[in-house]
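Participant: One structure, pasted below without further comment.
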Amino acid sequence: MKENVRRKKGLEAMKNASAAGTKTLVLLVLLTVFHGVAQAYQPESVMWYRQPAGEWHEALPVGNGRLGAMVYGGYPQEIIQLNEESLWAGSKSEANADAAARMPEIQQLLIDGDISRAADLSETYLKSDPMWIRSYQSFGELKLDFFDRGAPEAKNYRRELNLETGVASTVYEAGNTRYERELFISAPDNVLALRLTAVGTDKLTFRLSYAREQDATAYPASANELEIKGQIVDLPVVDAGENGLHMKFAGRIRGVNRGGRLTAVNNSFFVENADEVVFFLTAATDYNFEKLDTDRSIDPSSVCKGILDKVDARNYAAVRQRHIAEHGALMNRLHFTLGKDGPGNIPVDERLQRVKDGATDLALVALYFQYGRYLLVNSSRAPGVLPANLQGIWCKDMQAAWSSDFHTNINIQMNYWPAEICNLPETVIPFSRMIDALRTPGRVTAQKTYNAKGWTMNHLTDPFGRTAISDGVGWGTFPIASSWLVLHQWEHYLFTGDEAYLRNEAYPCMKEAAEFILSYMVKDKNGHWVTAPSNSPENAYILDGRQYKFTYAATVDIEIITELFRACLQAEKVLKQDKPFGKQLESALKKLPPIRISERYHTIQEWIEDYEEVEPGHRHISHLFGLHPGTTITSATPVLFEGAKKTLERRLSNGGGHTGWSRAWVINFYARLLDGENAGNHVQALLAKSTLNNLFDTHPPFQIDGNFGGTAGIAEMLLQSHNGELHLLPALPSGWQEGEITGLRARGGWIVDLKWEKGVLTSARIFSKEGGKCKIHYKERTGTVSVKAGEEYVYPEG
């Protein structure tokens with residue numbers, strides 16, 4: 001593309017909001033400057049270490065949305081742990097409790113205040129069968145053995161992960177030879193590529209073998225190929241569904257050597273005296289997303305062979321080039337520097353330890369931010385079809401923590417908080433399509449369990465479309481989940497302006513979720529429309545000496561419903577349809593209960609009554625949904641805004657924010673409260689208290705939502721657009737004196753670049769592809785400007 005010539009179009013003053021005592025901010029209209037051109041690698045796009053990973057959570061992740069790998073960089077043995085996104089234990093089942101006939105009785109008991117009787121009935125009638133799901137699983141491991149014993153010492157060792165290229169590499173010297181390994185997973189070619197080279201007096205002699213803890217074997221398919229075949233064997237587990245032979249899976253590895261020889265034998269390749277060796281690996285299952293089920297018409301072995309046959313095994317350079325171009329195009333849309341040059345000559349684990357010891361490393365904050373983007377790029381995009389789970393795509397276990405499932409009471413939502421603002425809208429597509437697919441089983445849950453129309457689900461799902469209550473009645477009953485999920489589809493429209501997407505995918509999901517709410521709600525004794533049963537995720541309250549989770553109209557429900565109904569009404573205006581339905585929504589909105597302030601603590605009440613919490617420092621802070629990610633609590637609602645501050649103070653003073661993802665949510669809360677100091681302090685705490693040496697977030701254990709929530713929180717500190725304006729540097733900590741970020745996205749399709757020095761904005765570029773009016777807010781100054789399609793504003797003049 002030819003470089004666009006910038007041409008001054010003239011000055012346009014922003015409107016002076018004199019009533020608010022604001023000043024005028026002048027912007028310069030310029031012609032389009034192309035955004036997203038790849039740039040040279042930044043120093044803070046590389047994570048590097050002086051030693052191999054000693055444990056899985058020190059290994060470095062690579063992926064392409066469908067395949068994942070954790071690279072240890074070991075010597076004299078290398079380990080590469082593998083994943084394929086759809087490899088899950090379990091099977092599809094219609095597990096919904098047949099509780100529709102009992103639901104009115106349970107609802108009335110809750111409204112009448114007979115919580116004990118309502119809880120007892122619910123435990124009897126709301127139990128799903130089965131109650132539990134099974135786990136996402138590792139695909140297995142590759143091991144490269146270079147020596148049995150007597151290995152020469154490795155010198156000048158370095159392993160690294162380049163976030164811009166998506167290539168993990170290991171370099172060291174042994175004897176008189178320099179050894180290099182690099183590994184990436186290509187989205188264009190749908191393969192893992194591994195290259196090993198030796199330059200010096202010695203050659204490459206090693207064994208590469210495949211192994212899995214259970215349910216798989218590997219054997220030679222030809223002189224230079226290994227085939228992997230497996231099938232999940234689900235043993236009996238109480239209340240976890242049918243045992244038996246379930247998902248089938250396969251893999252294929254093809255090796256090519258330059259010099260020496262390579263032979264496939266047993267479950268391994270034996271390589272002897274080679275100068276260079278390249279391996280291509282792919283994997284597949286018989287999972288069919290369209291069916292949310294396994295499909296025996298799919299032969300995963302044939303799928304793998306078909307993928308590898310399209311790859312020219314002798315043209316590694318072309319595969320690498322295609323990968324870097326595609327991966328770099330995503331990562332290089334946004335660049336971020338913070339502070340002066342960071343200590344790039346110090347490895348990441350040592351820098352992180354310094355932070356844990358109390359030091360500040362602003363460049364590490366920028367690296368952590370980009371790492372969150374990197375993890376989302378590599379766990380949620382085509383060729384993958386499933387959204388990022390609790391561990392993204394990286395899981396070493398057969399029975400993972402929380403099954404590495406799709407948790408829908410905060411966790412999968414947090415996974416996608418950075419997607420839009422951090423300029424990665426493609427990553428939302430698997431999530432959106434999963435939401436759309438869940439409508440079918442969700443209709444059964446709505447009708448059979450909740451005696452309602454529309455579609456809903458509860459607090460988790462899996463690739464088989466689980467929408468029934470899981471993990472226990474009190475814990476797992478969360479029928480507001482569908483309403484929360486579809487708000488991400490609405491956000492995707494707000495950021496992209498894609499009206500076809502809104503019409504064909506987002507709004508149908510949104511409308512049907514709203515239909516569920518309208519038919520599920522009942523009137524309380526004050527004439528308010530309320531949800532029942534309801535809970536505030538995973539927290540409990542005390543009433544008459546007993547602990548309960550069940551209530552009616554938990555505050556989070558009312559906040560989510562308000563957001564959903566308002567979004568549906570706005571969507572109807574865009575699409576020019578559904579006026580009768582809109583009138584129903586408007587009527588219901590007027591009769592929702594208000595968000596209440598506790599008379600005891602002056603905080604936002606978590607429940608419909610001012611109950612005492614069992615855990616005042618609970619990790620979930622769901623009653624602040626309206627502050628973030630919602631939009632109903634802002635500085636324009638000062639009583640609620642102040643209540644939100646006090647809520648957060650009380651939660652934290654009682655030990656809240658102690659898990660990684662909870663701390664990340666706190667960052668977002670403080671950003672929305674326009675409190676840069678506290679937001680910055682919790683970024684520091686997230687690194688110091690909840691970050692592993694490979695920068696994975698830890699709950700503990702590893703849980704990826706904290707990474708994504710942390711990245712989103714940093715972005716919210718720099719740009720907000722949820723309340724109808726572009727708020728520039730709304731929560732900048734005093735310690736972040738210098739920085740620059742290019743490529744942030746805002747609602748309305750704006751692309752925003754910001755630069756600041758001595759804590760003061762020195763330049764801003766606001767680009768629009770579609771054109772329109774833009775209200776801009778910086779400190780005390782606000783105003784509105786118009787921009788034509790393909791033009792940009794620049795501040796200040798000159």
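The values are calculated or read from the model by the stated rules, or taken from the named source; none is laboratory data. Computed from a prediction, not measured in an experiment: that's the story for all the values here. All Cβ positions, even for glycine, are placed from backbone atoms using ideal geometry, and neighbour counts span all protein chains on display. All accessible areas refer to the heavy atoms of the entire protein, side chains included, with ligands and DNA or RNA removed. Shrake-Rupley method; radii C 1.70, N 1.55, O 1.52, S 1.80 Å.
Participant: Just one of (1) part of a loop (DSSP other than H, G, I, E, B); (2) open to solvent by less than 10 Å² (accessible area, probe 1.4 Å); (3) among the charged types (D, E, K, R) trips up residue 189, so point out which.
Facilitator: (2)
Participant: Surrounded by fewer than 17 Cβ atoms within 10 Å (Cβ to Cβ) and among the aliphatic types (A, V, I, L, M): is that true of residue 118 in this structure? If you could, list the steps in order and put the result at the bottom.
Facilitator: Values: surrounded by fewer than 17 Cβ atoms within 10 Å (Cβ to Cβ): no; among the aliphatic types (A, V, I, L, M): yes.
So residue 118 does not fit the description; no.
Participant: Okay, next question. Looking only at residues in the stretch 231-248 that are open to solvent by 20 Å² or more (accessible area, probe 1.4 Å) and among the charged types (D, E, K, R), which one is modelled with the highest pLDDT?
Facilitator: 248
Participant: Can you work out which of the residues in the stretch 537-549 that are aliphatic (A, V, I, L, M) and over 30 Å from the mean Cα position of the chain (by Cα) is surrounded by the most Cβ atoms within 10 Å (Cβ to Cβ)?
Facilitator: At the first step, the residues of the stretch 537-549 found to be aliphatic (A, V, I, L, M) are 540, 542-543.
Then keep just the ones that are over 30 Å from the mean Cα position of the chain (by Cα); that gives 542-543.
Details: 542: 12, 543: 16.
Across the stretch 537-549, the extreme among qualifying residues is 543.
Participant: Kindly state which helices (runs of 4 or more DSSP H) lie completely within the stretch 414-510 and contain at least 1 residues that are closer than 19 Å to residue 629 by Cα.
Facilitator: The qualifying helices (runs of 4 or more DSSP H) are 417-421, 428-448, 481-496.
Participant: When you go through 311, 365, 355, 348 one by one, which is the residue that is among the β-branched types (Val, Ile, Thr) and closer than 30 Å to residue 228 by Cα?
Facilitator: Working: 365 fails: closer than 30 Å to residue 228 by Cα; 355 fails: closer than 30 Å to residue 228 by Cα; 348 fails: closer than 30 Å to residue 228 by Cα.
Selected residue: 311, the only one of 311, 365, 355, 348 that is among the β-branched types (Val, Ile, Thr) and closer than 30 Å to residue 228 by Cα.
Participant: Let me ask you something else. Name, by its number, the condition in (1) of a type outside the set (Ser, Thr, Tyr); (2) under 23 Å from residue 180 (Cβ atoms); (3) open to solvent by less than 10 Å² (accessible area, probe 1.4 Å) that does not hold for residue 89.
Facilitator: The number of the failed condition is (2).
Participant: If I filter the stretch 674-692 for residues that are out of contact with any strand residue (DSSP E or B) (no Cβ under 6 Å at 6 or more places or on another chain) and within 17 Å of residue 58 (Cβ to Cβ), do I get at least one hit?
Facilitator: Start the filter on the stretch 674-692 by keeping residues that are out of contact with any strand residue (DSSP E or B) (no Cβ under 6 Å at 6 or more places or on another chain), which leaves 674-689, 691.
If we keep only those that are within 17 Å of residue 58 (Cβ to Cβ) too, we end up with 687, 691.
Yes: the stretch 674-692 contains one or more residues that are out of contact with any strand residue (DSSP E or B) (no Cβ under 6 Å at 6 or more places or on another chain) and within 17 Å of residue 58 (Cβ to Cβ).
Participant: So which residues in the stretch 447-460 are in contact (Cβ under 8 Å) with a residue 60 or more places away in the chain, crowded, with 18+ Cβ neighbours inside 10 Å and either of a type in the set (S, T, N, Q) or under 11 Å from residue 103 (Cα atoms) (or both), if there are any at all?
Facilitator: Result: 447, 449, 450, 452, 456.
Participant: Right, something else. Quick check on my filter: what residues within the stretch 429-454 are farther than 22 Å from residue 389 by Cα and in contact with a helix residue (DSSP H, G or I) (Cβ under 7 Å, 6 or more places away or on another chain)?
Facilitator: 446, 450, 451, 452, 453, 454
Participant: Limited to the stretch 142-169, what total is found for residues that are under 13 Å from residue 46 (Cα atoms) and either open to solvent by less than 30 Å² (accessible area, probe 1.4 Å) or at pLDDT below 95 (or both)?
Facilitator: We begin by selecting, within the stretch 142-169, every residue under 13 Å from residue 46 (Cα atoms); these are 158-169.
Next, from what is left, pick out any that are either open to solvent by less than 30 Å² (accessible area, probe 1.4 Å) or at pLDDT below 95 (or both): 159, 161-169.
Total satisfying the criteria: 10.
Participant: Tell me the residue from 298, 228 that is at pLDDT 95 or above and part of a loop (DSSP other than H, G, I, E, B), please.
Facilitator: Working: 228 fails: part of a loop (DSSP other than H, G, I, E, B).
Result: 298 is the single residue among 298, 228 that is at pLDDT 95 or above and part of a loop (DSSP other than H, G, I, E, B).
Participant: Limited to the stretch 578-590, what total is found for residues that are surrounded by 14 or more Cβ atoms within 10 Å (Cβ to Cβ) and either more than 13 Å from residue 527 (Cα to Cα) or over 33 Å from the mean Cα position of the chain (by Cα) (or both)?
Facilitator: Our first condition is that a residue be surrounded by 14 or more Cβ atoms within 10 Å (Cβ to Cβ); within the stretch 578-590, this holds for 578, 581-582, 584-585, 588-589.
From what's left, either more than 13 Å from residue 527 (Cα to Cα) or over 33 Å from the mean Cα position of the chain (by Cα) (or both): 578, 581-582, 584-585.
Going through the stretch 578-590 one residue at a time, the tally reaches 5.
Participant: What single numbered condition from (1) open to solvent by 40 Å² or more (accessible area, probe 1.4 Å); (2) in contact with a Phe, Trp or Tyr (Cβ under 7 Å, 6 or more places away or on another chain); (3) among the polar types (S, T, N, Q) fails to hold for residue 108?
Facilitator: Result: residue 108 fails condition (2) only.
Quick grid of which residues meet (1) in a helix (DSSP H, G or I); (2) touching a Pro at 6+ places or on another chain (Cβ under 6 Å); (3) surrounded by 14 or more Cβ atoms within 10 Å (Cβ to Cβ); (4) not basic (Lys, Arg):
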residue: 302; (1), (2), (3), (4): yes, no, no, yes
residue: 308; (1), (2), (3), (4): yes, no, yes, yes
residue: 325; (1), (2), (3), (4): yes, no, no, yes
residue: 330; (1), (2), (3), (4): yes, no, yes, yes
residue: 344; (1), (2), (3), (4): no, yes, yes, yes
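Participant: Quick one: how many residues across the stretch 257-294 are open to solvent by 20 Å² or more (accessible area, probe 1.4 Å) and of a type outside the set (Ser, Thr, Tyr)?
Facilitator: Adding up the residues that qualify gives 19.
Participant: Turning to a different aspect of this structure: Pick out, from the stretch 637-691, the helices (runs of 4 or more DSSP H) lying fully within it that include 2 or more residues that are among the acidic types (Asp, Glu). I'd like the intermediate steps shown before the answer.
Facilitator: Details: elements: 638-653, 660-672, 676-690.
Helices (runs of 4 or more DSSP H) meeting the threshold: 638-653.
Participant: Still on this structure: Step by step: first the residues of the stretch 545-571, then only those that are in contact (Cβ under 8 Å) with a residue 40 or more places away in the chain and of a type in the set (D, E, K, R), then the one that is nearest to residue 490 (Cα to Cα). Which residue is that?
Facilitator: For the stretch 545-571, the residue satisfying everything is 563.
Participant: Considering (1) out of contact with any Gly (no Cβ under 8 Å at 6 or more places or on another chain); (2) surrounded by 19 or more Cβ atoms within 10 Å (Cβ to Cβ); (3) aromatic (Phe, Trp, Tyr), say which one residue 139 fails and leave the rest.
Facilitator: Evaluating residue 139 over (1) out of contact with any Gly (no Cβ under 8 Å at 6 or more places or on another chain); (2) surrounded by 19 or more Cβ atoms within 10 Å (Cβ to Cβ); (3) aromatic (Phe, Trp, Tyr) leaves (1) as the failure.
Participant: How many residues are in a loop (DSSP other than H, G, I, E, B) and hydrophobic (A, V, I, L, M, F, W, C) if we restrict to the stretch 583-604? Write out each step before concluding.
Facilitator: Going residue by residue through the stretch 583-604, those that are in a loop (DSSP other than H, G, I, E, B) are 591-596, 598-603.
Applying the additional criterion that residues be hydrophobic (A, V, I, L, M, F, W, C) yields 592, 595.
Qualifying residue count, the stretch 583-604: 2.
Participant: Let me ask you something else. Checking residue 50 against (1) at pLDDT 95 or above; (2) touching a Phe, Trp or Tyr at 6+ places or on another chain (Cβ under 8 Å); (3) open to solvent by less than 10 Å² (accessible area, probe 1.4 Å), only one condition comes out false. Which one?
Facilitator: Evaluating residue 50 over (1) at pLDDT 95 or above; (2) touching a Phe, Trp or Tyr at 6+ places or on another chain (Cβ under 8 Å); (3) open to solvent by less than 10 Å² (accessible area, probe 1.4 Å) leaves (3) as the failure.
Participant: Hey, another quick one. Please verify whether residue 72 is out of contact with any Lys or Arg (no Cβ under 7 Å at 6 or more places or on another chain), under 20 Å from residue 162 (Cβ atoms) and of a type in the set (Ser, Thr, Tyr), treating the condition exactly as stated. Outline the logic, then answer.
Facilitator: Numbers: out of contact with any Lys or Arg (no Cβ under 7 Å at 6 or more places or on another chain): yes; under 20 Å from residue 162 (Cβ atoms): yes; of a type in the set (Ser, Thr, Tyr): yes.
So residue 72 fits the description; yes.
Participant: So which of 388, 468 is under 25 Å from residue 520 (Cβ atoms), of a type in the set (A, V, I, L, M, F, W, C) and open to solvent by less than 10 Å² (accessible area, probe 1.4 Å)?
Facilitator: On the way: 388 fails: under 25 Å from residue 520 (Cβ atoms).
Result of the check over 388, 468: 468.
Participant: Right, next: Of the residues in the stretch 355-385, how many are assigned to a helix (DSSP H, G or I) and closer than 20 Å to residue 679 by Cα?
Facilitator: Initial filter on the stretch 355-385 (assigned to a helix (DSSP H, G or I)): 355-356, 362-379.
Next cut, closer than 20 Å to residue 679 by Cα only: 355-356, 362-373.
The total comes to 14.
Participant: Let me ask you something else. On the given criteria, is residue 573 modelled with pLDDT of 95 or more, over 21 Å from residue 644 (Cβ atoms) and basic (Lys, Arg)?
Facilitator: Details: modelled with pLDDT of 95 or more: yes; over 21 Å from residue 644 (Cβ atoms): yes; basic (Lys, Arg): yes.
Against the criterion (modelled with pLDDT of 95 or more, over 21 Å from residue 644 (Cβ atoms) and basic (Lys, Arg)), residue 573 qualifies.
Participant: So, one more: Filter the stretch 54-77 down to the residues that are surrounded by fewer than 24 Cβ atoms within 10 Å (Cβ to Cβ), charged (D, E, K, R) and touching a residue at least 24 places away in the same chain (Cβ under 8 Å) and list them by number.
Facilitator: Matches in the stretch 54-77: 58 only.
Residues are listed down the side, and each one gets a yes or a no for (1) within 24 Å of residue 476 (Cβ to Cβ); (2) hydroxyl-bearing (Ser, Thr, Tyr); (3) within 28 Å of the chain's Cα centre (by Cα):
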| residue | (1), (2), (3) |
| --- | --- |
| 523 | no, no, no |
| 526 | no, no, no |
| 535 | yes, no, yes |
| 556 | yes, no, yes |
| 568 | no, no, yes |
| 598 | no, yes, no |
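Participant: Would it be correct to say that residue 602 is at pLDDT below 95 and either open to solvent by 40 Å² or more (accessible area, probe 1.4 Å) or over 19 Å from residue 528 (Cβ atoms) (or both)?
Facilitator: Working: at pLDDT below 95: no; either open to solvent by 40 Å² or more (accessible area, probe 1.4 Å) or over 19 Å from residue 528 (Cβ atoms) (or both): yes.
Here the answer is no, as residue 602 does not meet what is asked.
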